[in-house]
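This report concerns only the one structure given below.
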Amino acid sequence: MRKSSLIISAALAAALPALAGQGVEVSHLGTDNTLVRVAGEGKYLILPIQENIDDAKINVIVDNEIVKTFYARLAKSKTDFTVPFDLTPYKGKRVELLVETPQGRENVREAKGDVCWKAMEISDSFDTTNREKYRPAYHHTPRYGWMNDPNGMFHKDGKWHLYYQHNPYGSKWQNMTWGHSVSSDLVNWEHLPIAVEPDGLGSIFSGSCAIDTEGTAGYGPGAVVAMYTSAGRSQVQSLAGSTDGGLTFDKYEGNPVLPLDSEARDPNMWWNPDTKEWTLILAHALDHEMLIFTSPDLKEWTLQSSFGKGIGAQDGVWECPDLFELPAPGGKGTKWVLICNINPGGPFGGSAAQYFIGDFDGKTFKADTDKNGNVPTKWMDYGKDHYATVSWSDAPAGRRVAIGWMSNWEYAAEVPTQQFRSANTLPREMKLFKGADGDIYLASVPVQELEALRGEVVAESGKATLGATPLKIEIPASTEGLYEITAQFDADKKGKVELTLGNSAGEEAVIVYDAATRTASFDRTRAGVSDFSQSFPAVTVAPTHEKTGRVELRVFVDRSSVEVFGNGGEFVMTNLVFPTEPYLNLSVSAPEGGAKLSGIKVYAVGAEALR
């Protein structure tokens, strides 16, 4: 009788479970199909990411049931950075990830050759220490991952809540959830756990939050209610409520509450105390219009009107609306402002925020016309990097504070960062003013809380007559290129004043006021790194809405942005910049002569905002 033997082929042995990183077992089930089993204890499964490859589809299986699906660019040949997958909701249960990698047999390469498997590990911590040269010091950013639109913002119990479109598994757009940060001063931000995650209706796109004082939605008086777009094969509007101040949300079991047969998104709702009902403005994206609905309970909605067909900038898609009331200039009653973000179609390409001034009767918005009887196109910000701007609800003392996404869809996914992508603009207080042409415009004023960032005056100049020879001001290296500039000057009737930020590498960002055209411009064509996109080098131009030649500037310089506020926010330009070294050379000149400088100060930023 022959003695039997068991022979296992090398190929079969390679397919058996193998210990990868700490606490992880990996089984390759085919060319592009891999099972990852969590075999150890810990808070996070650390996932290695390679940015410039395709997404892998990851099904999270808990006790044999798929509980979550997300997408991540799992590293094939190198690891650019890592992201954490939170295991705490599944403690004590069997957790597996079934991974479909983007490679087929025709690619020859099989998933088992990818570097990600050996680099995965279980850990009780995730290092969020900044490793990015261009991460802003005093603008809000995500700790890691992608961010775009701010949404769901409200104020409650002394806290400003900021939610945002977030990919927690990479720094490209994907896996849209509501990230969450909170601040008591609009400067220092505390990062909180994800607030709203995708579900069977789709990803969680933009939306709004408000305090339901009356408890009309069924979550109780004082609950925080949220409406957002559920984006699957179609876009529908969903409802959720929070009884813990916005930390967690319970989704309404009857979602969606507002399905339409055409693409609509980004619901922005508020309680109307005059009509005792909820008002909702919704972007009818491809139809270039806004829809206005009313509801007694946030569940049953009645379409009241639409606005926008053939009015304003009509390119791209209409998104992220906001509608609010402000005191009219001169204290004469009030006017309503309707913000309409569009992409593409901005004045300098790509994304931008337009707005309309008018009247609203609770059901219909009617825009004001100019002296020629036309509805003018007006822009909130004349930079390249100001989009998806919306305001906080329930702000104290009647304040209307807004914030935007500081990027542009033309190049947002390509800017030179990896650990995170995108920042928010500085918060701005909304006010109305009358321009030199007699029309009413929207001013964006840096919020008063930003003055707390000011450290000592590190450079300054008093009164001076400006000419072609630049007045040079050296900014100390100790500032690390983080500062605020204030400047006041009077230009000759047809002259120009130029303010240049430069460095020893010859890079420069140039702000020019032109008295002849009553405009201000920002030139970043030589400002630093720009080879990631042909659309990035640009000169943006803003009308100044004045006729005196007298200009006051506040210029906020961070590691990768310059925000210019003129004459109390009556003109604004927000632009990203990526200098290879900080701008420490400041010069002011008037090429045609005749301009008078009243004074200029440079304040160091006192401390970095909290991450």
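The values are calculated or read from the model by the stated rules, or taken from the named source; none is laboratory data. Fair warning: this is a prediction, and the values are worked out from it, not measured in the lab. Glycine also receives a Cβ, built like all others from the backbone with ideal geometry; neighbour counts cover every protein chain displayed. Surface accessibility is based on the protein's heavy atoms, side chains included, excluding ligands, DNA and RNA. Shrake-Rupley method; radii C 1.70, N 1.55, O 1.52, S 1.80 Å.
A few remarks follow.
- Loop trypsin sites (Lys or Arg not before Pro), the stretch 366-406, which have at most 12 other Cβ atoms in a 10 Å radius of their Cβ (DSSP): LYS371
- Sorted peptide list for 216-225, 434-443, 260-269, criterion being average Cβ within 10 angstrom, highest first: 260-269, 216-225, 434-443
- Once the gyration tensor of the Cα atoms in the stretch 441-538 is diagonalised, the equivalent ellipsoid follows with semi-axes of 22, 21, 18 Å, ordered largest first.
- Two-site FRET efficiency, THR243 against GLN22, from Cβ-Cβ distance with R₀ of 51 Å, rounded to 0.05: 0.85
- Summed over qualifying helices (DSSP H, 4 residues or more, each -39500 (n - 2.57)) and divided by its residue number, the chain shows a 222 nm mean residue ellipticity of -500 deg cm²/dmol.
- At full extension, THR519 and LEU29 could sit 170.1 nm farther apart than now, given 0.36 nm per residue minus the alpha carbon distance.
- Partners of LYS133 within straight-line reach, counting aspartates and glutamates whose Cα lies under 12 Å from its Cα and excluding those fewer than 8 residues away in the same chain: GLU480, ASP558, GLU581.
- For the stretch 230-281: Kirkwood Rh in Å [reciprocal of mean 1/r, alpha carbons]: 12.6 Å
- With 20 Å as the limit on Cα-Cα distance, the pairs of LYS78/LYS118; LYS371/LYS434; LYS371/LYS494; LYS463/LYS601; LYS172/LYS378 that go past it are LYS371/LYS494; LYS172/LYS378.
- Cα centroid of the stretch 288-325 to Cα centroid of the stretch 50-70, whole Å: 36 Å
- In the chain, the portion of solvent-accessible area held by carbon and sulfur atoms comes to 48 percent [1.4 Å probe, whole percent, DNA, RNA and ligands not counted].
- Mean separation of Cα contacts under 8 Å (6+ apart) over length of the stretch 425-531, as relative contact order %: 13 percent
- Normalised alpha carbon radius of gyration of the stretch 220-323 [divisor 2.2 N^0.38 Å]: 1.10
- Three principal axis lengths of the stretch 253-392 [C-alpha, angstrom, descending]: 43, 36, 27
- Contour minus Cα-Cα distance for ALA395 and LYS43 (0.36 nm per residue): 123.1 nm
- For the pair SER77 and SER533, a Förster radius of 22 Å applied to the C-beta separation gives a FRET efficiency near 0.35, rounded to the nearest 0.05.
- Label point distance in nm, ALA464-ASP297, each placed 7 Å from Cα along Cα→Cβ: 6.8 nm
- Cα pair count fraction exceeding 20 Å, expressed as % - the stretch 329-481: 65 percent
- Modelled this way, with points 7 Å down the Cα-to-C-beta line, the labels at ASP368 and GLU474 are 4.9 nm from one another.
- Measuring between their Cα centroids, the stretch 372-403 and the stretch 330-363 lie 6 Å from each other.
- Accessible area in square angstrom per residue, the chain, 1.4 angstrom probe: 41 Å²
- Per residue, the average separation of C-alpha pairs within less than 8 Å and at least 6 apart gives the stretch 539-588 a relative contact order of 30 percent.
- For the stretch 16-150, the Cα-based Rg and Dmax, in that order, read 15.5, 50 Å.
- Measuring spread by the Cα atoms of the stretch 178-233 yields a radius of gyration and Dmax of 13.6, 39 Å.
- Tail weight of P(r) past 35 Å, computed on alpha-carbon pairs of the chain, percent: 44 percent
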